[in-house]
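In what follows, a structure is listed as structure tokens, so that the remarks can point back to it.
The values are calculated or read from the model by the stated rules, or taken from the named source; none is laboratory data. Since the model is a prediction, treat every value here as computed from it, not as a measurement. Here Cβ is always computed from backbone atoms with ideal geometry, including for glycine, and neighbour counts include all displayed protein chains. Areas reflect the complete protein model, heavy atoms only, side chains present, ligands, DNA and RNA absent. Shrake-Rupley method; radii C 1.70, N 1.55, O 1.52, S 1.80 Å.
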Amino acid sequence: PTAPWTTKERLIAFYTKYQPDKLDGIDGILEKYAGKEDKLFTALVKKYGPEPEDPFYLGSDSDDDDSDDGGVNEEQLEGMDLGGGNKKKR
């Protein structure tokens, strides 16, 4: 992929994985949470589980991410612009 998922694509992926019956209501959800998308995804993660991984971010260093503590997904949910993250080398 040449770009990260849009908010709508993220929500579609989330509901496809956890609540497919809610796919028809995505446009209404996006309208309701316009400007508060970070709160929406934080609440969804707490309720259902981790957000599906955007393929755009998988190509860079997916092997390292799999062995991490999973903190990258939290940053993606809240920031949506990953600039390299908090990777520490020892």
message: One residue is enough: does the stretch 49-56 have a residue meeting the conditions touching an Asp or Glu at 6+ places or on another chain (Cβ under 9 Å) and part of a helix (DSSP H, G or I)?
response: no
field: Residue match in the stretch 60-76 (condition: open to solvent by 50 Å² or more (accessible area, probe 1.4 Å), modelled with pLDDT of 55 or more and either among the β-branched types (V, I, T) or over 11 Å from the mean Cα position of the chain (by Cα) (or both))
entry: yes
statement: Scanning the stretch 38-54 for residues that are without any contact (Cβ under 8 Å) to a residue 40 or more places away in the chain and either among the charged types (D, E, K, R) or touching a strand residue (DSSP E or B) at 6+ places or on another chain (Cβ under 8 Å) (or both), the one surrounded by the most Cβ atoms within 10 Å (Cβ to Cβ) turns out to be E53
